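Inspection log for the structure reproduced underneath, given as structure tokens.
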Amino acid sequence: MGLRSDSKSSYTTTLLDSNSSGDNNNYYYYYYKPLKHILVVFLAFLLIFVSLDVFNYGGYFKTPIINNVNIDPQPQSATIDKSNVVPSVLSRGPMYYKGWYHFFYQYNPYGAVWGNVIVWGHAVSRDLIHWLHLPLAMVNDKWYDTHGVWTGSATILPDDQIIMLYTGSTNESVQVQNLAYPADLADPLLVKWVKYAGNPVLVPPPGIGVKDFRDPTTAWLTSEGNWRITIGSKIKKTGITLVYETKDFKRFNRIEGVMNGVAGTGMWECVDFYPVSRKSDKGLDTSVKAGEDVKHVVKVSLDDDRHDYYSIGTYDEKKVKFVADDVKKDVGIGLRYDYGIFYASKTFYDQSTQTRVLWGWIGESDSEFADSIPRTVVLDKKTGTNLLQWPIEEMDKLRLRDNEFKNVNVNPGSVVPLDIGTANQLDIVAEFEINKESLEKTSSSNLEYMCGISGGAAQRGALGPFGLLVLADDALSEYTPIYFYVTKGSDGNLKTSFCSDQSRSSLAADVHKQIFGNIVPVLKDEKLSVRILVDHSIVESFAQGGRTVVTSRVYPTRAIYGATRLFLFNNATEAIVTASVKVWQMNSAFIRPYQANEKN
């Protein structure tokens with residue numbers, strides 16, 4: 001009996017009553033607007049209202065207070081309404097300064113897609129959850145950025161000076177690097193920015209294409225007291241990182257050669273370079289020196305396939321080289337941050353919490369992009385071969401009432417509704433365990449399972465798929481499976497895939513319905529575990545503590561608002577699965593415009 005979308009009678013269903021805790025009155029605070037794309041709500045308003053006065057860059061945005069407005073970015077009919085435009089939101093130059101988190105983003109004042117008029121919006125927060133949006137930080141008003149203020153990175157110097165390096169596209173569409181800095185360092189909101197009179201500070205070197213030289217990283221300090229940055233580029237089809245050295249961020253010397261390069265990967269953009277600790281779960285400042293207890297990460301966004309790849313390895317300061325620990329998993333050919341729709345990401349070191357925080361783009365079918373939930377990034381101490389990503393702790397502040405379901409038996413070919421009420425804004429933590437007898441009696445096989453090409457959740461095997469159906473309606477005409485799929489190899493070893501299947505997520509015909517995922521490492525005696533953040537149309541899923549992450553964007557037409565439901569499912573042919581699930585309804589972030597008379 002397989003997973004189907006046309007007949008509820010195909011399933012064995014058992015309605016469960018949960019052990020609930022928390023204040024039931026909190027249910028009334030469960031708003032129908034997204035919780036986690038903390039910026040996308042006010043950015044939509046920003047486009048509508050600022051476009052009325054788009055050339056008044058010096059004034060404050062004329063955006064109303066919107067914390068009590070119900071906004072849902074997902075389509076509510078089979079036809080996507082292309083008139084509901086939102087701006088492009090790509091996080092740039094994030095940092096923490098004098099008690100405030102700063103989030104800069106590329107913004108097109110004239111439409112929902114990335115275009116020739118790109119400026120920098122600016123928002124600030126005390127906790128990465130609740131935000132104030134500020135005046136535009138930088139606009140395309142110089143010859144060296146007239147075609148766009150593109151990607152950039154912030155560096156906070158030891159004396160608290162702030163350096164912002166960014167790529168500008170000139171009046172001749174040449175990619176150059178420019179310097180900007182705050183007009184008033186005493187202002188913790190950093191409202192006004194000044195561009196250096198001597199811009200550009202870097203132009204494409206000989207042998208590099210004028211459109212293949214972009215996205216400077218946060219700088220790091222060398223043992224000799226100089227600063228280094230990397231910039232993404234390519235030579236033919238080989239992606240590379242160029243390295244430059246400076247003392248004052250106005251005059252640079254190029255280091256001969258490249259820090260890293262991988263043939264066949266194409267243009268490297270949005271390069272990131274940072275250290276991770278082998279001993280601690282704390283983040284490290286970008287300038288922490290290489291050593292026995294430190295590994296380095298190079299991350300790139302591949303322009304050719306629009307995915308973010310990373311590699312863990314060793315950085316040699318003297319040779320100015322990065323060498324991957326596993327050359328088969330070098331940059332662009334191995335591990336990815338996220339196996340769904342996640343691109344152009346950027347990390348920063350949060351010195352207040354000693355964490356490294358990651359943001360990325362989440363693609364859309366009908367417009368441009370939204371930003372992901374901020375995630376922490378650490379080295380997986382158990383494997384030593386991959387990173388762990390996890391929603392920042394501050395997300396827990398948005399949790400409302402919870403429901404818990406313990407040791408639920410989910411038999412082969414069954415779907416089990418979870419009685420939680422509305423299910424379109426959730427934080428879900430779940431563990432799954434396959435019955436030992438099922439594992440032992442399952443025959444070994446050479447069959448492989450790959451999320452994207454093996455039939456998704458409808459493909460039945462002895463030990464999978466099983467997991468949760470999110471953004472589902474009562475009739476199961478729409479649902480998005482988030483699931484594990486276990487195979488038993490001819491050597492008797494188990495291999496686990498973690499996937500997100502959009503193929504039955506919507507009755508709409510004009511939206512993407514892909515199947516995402518990858519292998520997830522599962523160590524001995526570990527239960528299969530997942531955390532899922534559901535936010536109306538966006539689902540971010542973290543398997544095994546964040547070893548494998550999958551982000552999906554879906555467009556239900558029936559499983560919306562109060563009609564959304566949550567189910568456990570097991571579409572395996574032999575495995576009996578025991579599941580324990582805890583679910584929180586989630587509040588919405590408080591987001592509003594900055595008022596000029598506010599106290600800092």
**Asked** Hey, among Glu256, Glu269, which residue is in contact (Cβ under 8 Å) with a residue 60 or more places away in the chain and out of contact with any Leu (no Cβ under 6 Å at 6 or more places or on another chain)?
**Response** Glu269
**Request:** Enumerate the pairs (first residue in the range 437-455 and touching a residue at least 24 places away in the same chain (Cβ under 8 Å); second residue anywhere and of a type in the set (D, E, K, R)) with beta-carbon separation below 6 Å, excluding pairs fewer than 6 apart on the same chain, so at least 6 apart or on different chains.
**Result:** Ser438/Glu574; Thr442/Lys488; Thr442/Glu574; Ser444/Lys488
**Request:** Output the residue which, of all residues in the range 276-285 that are open to solvent by less than 30 Å² (accessible area, probe 1.4 Å) and touching a Lys or Arg at 6+ places or on another chain (Cβ under 7 Å), is farthest from Val323 (Cα to Cα).
**Result:** Gly283
**Item:** Of all residues in the range 306-348 being charged (D, E, K, R) and free of Cβ contacts under 8 Å to residues at least 12 places away in the same chain, the one that is farthest from Gln502 (Cα to Cα)
**Value:** Lys318
**Asked** Given Ser345, Ser352, Ser287, Ser301, which one is within 27 Å of Val258 (Cβ to Cβ) and more than 17 Å from the chain's Cα centre (by Cα)?
**Response** Ser287
**Request:** Scan (1) of a type outside the set (S, T, N, Q); (2) open to solvent by 40 Å² or more (accessible area, probe 1.4 Å); (3) farther than 26 Å from Trp268 by Cβ for the single condition Lys211 breaks and write down its number.
**Result:** (3)
**Item:** Residues that are under 31 Å from the mean Cα position of the chain (by Cα), over 15 Å from Ile163 (Cβ atoms) and surrounded by fewer than 19 Cβ atoms within 10 Å (Cβ to Cβ), drawn from the range 192-207
**Value:** Lys192, Val203
**Request:** Return yes when Leu387 is in contact with a strand residue (DSSP E or B) (Cβ under 6 Å, 6 or more places away or on another chain), within 19 Å of Gln106 (Cβ to Cβ) and touching a residue at least 12 places away in the same chain (Cβ under 8 Å) and no when it is not.
**Result:** no
**Prompt:** Which number in (1) without any contact (Cβ under 8 Å) to a residue 60 or more places away in the chain; (2) surrounded by fewer than 20 Cβ atoms within 10 Å (Cβ to Cβ) marks the one condition that Lys250 misses?
**Reply:** (1)
**Asked** Going by the structure shown, is Leu463 open to solvent by less than 30 Å² (accessible area, probe 1.4 Å) and either under 21 Å from Thr557 (Cα atoms) or in contact with a His (Cβ under 9 Å, 6 or more places away or on another chain) (or both)?
**Response** no
**Prompt:** What are the pairs, 6+ residues apart or on separate chains, where a residue within the range 163-174 that is at positive phi has its Cβ under 7 Å from a residue that is assigned to a loop (DSSP other than H, G, I, E, B)?
**Reply:** Ser173/His147; Ser173/Lys211
**Request:** Report yes if some residue within the range 537-547 is among the charged types (D, E, K, R), assigned by the TED database to the domain that holds Ser477 and over 17 Å from the mean Cα position of the chain (by Cα); otherwise report no.
**Result:** no
**Request:** From Lys289, Lys236, Lys299, Lys295, grab the single residue that is open to solvent by 40 Å² or more (accessible area, probe 1.4 Å) and either at pLDDT 95 or above or outside the structural domain of Arg336 (by the TED database) (or both).
**Result:** Lys236
**Request:** Scan the range 558-567 and give yes if some residue there is surrounded by 24 or more Cβ atoms within 10 Å (Cβ to Cβ), assigned to a loop (DSSP other than H, G, I, E, B) and in the same structural domain as Gly455 (by the TED database), otherwise no.
**Result:** yes
**Message:** Can you find, within the range 568-600, the residue that is nearest to Lys406 (Cα to Cα) among those that are among the charged types (D, E, K, R) and part of a loop (DSSP other than H, G, I, E, B)?
**Reply:** Glu574
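The values are calculated or read from the model by the stated rules, or taken from the named source; none is laboratory data. Note that the coordinates shown come from a computational prediction; the quantities given were computed from them, not determined experimentally. Every residue, glycine among them, receives a Cβ derived from its backbone with ideal geometry; neighbour counts consider all protein chains shown. Only protein heavy atoms, including side chains, enter the accessible area calculation; ligands, DNA and RNA are left aside. Shrake-Rupley method; radii C 1.70, N 1.55, O 1.52, S 1.80 Å.
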